[in-house]
1. Under 7 Å between Cβ atoms, which residue pairs at least 6 apart in sequence (or on different chains) link something in region 51-79 that is farther than 22 Å from Arg138 by Cα with a partner that is among the β-branched types (Val, Ile, Thr) and outside any helix (DSSP H, G or I)?
2. For region 81-102, which positions are more than 15 Å from Ala45 (Cβ to Cβ) and not basic (Lys, Arg)?
3. Can you list the helices (runs of 4 or more DSSP H) found entirely within region 1-109 that contain at least 1 residues being modelled with pLDDT of 70 or more and loosely packed, with under 12 Cβ neighbours inside 10 Å?
Amino acid sequence: MISILVFSSAARYSSNGEAVPVSGLLKPAWRIRRANSMHWKIAYALVKKIPRGKVMTYGQLARAAKLPGGARAAGRAMAACPSGQAIPWHRVVGAGGRLLLREPNVGLQRKLLESEGVPIAEKRILDFKEHAWSPPRRKRRI
């Protein structure tokens, strides 16, 4: 079996400015891929639960799905959304209701959200708090 290694270019610097190698920089690529896709399935299932006319932020999605990497990981998951699975990717927006995508995707996101009754001005959702959705909290087991 061949193991492919991914090199991370992170390094620490000593007080005199010399680079000091950080241990654990080489990681098997399959571990990274498997971890992301596993968490992304949880994120996709959560996004499917967002009702029409409601939105959720990337940060909320990351916290609810416990995505390692936070809001950036949620953004990557939405960018890699598989087609044909009816995942409403357009209901995930930036903090404060900002539309963070670039053209032409932001135009499509705007049209989809407006068709669901979410008012948008410029690249921001008006009355964001009114349209914000958060998943129901799980009950704690004692």
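The values are calculated or read from the model by the stated rules, or taken from the named source; none is laboratory data. Not measured: the values here are computed from a predicted model. Glycine gets a Cβ as well: all are built from the backbone with ideal geometry, and neighbour counts include every protein chain shown.
1. Gly53/Val118; Met78/Val92
2. Matches in region 81-102: Ser83, Gly84, His90, Val93, Gly94, Ala95, Gly96, Gly97, Leu99, Leu100, Leu101.
3. 29-48, 70-79
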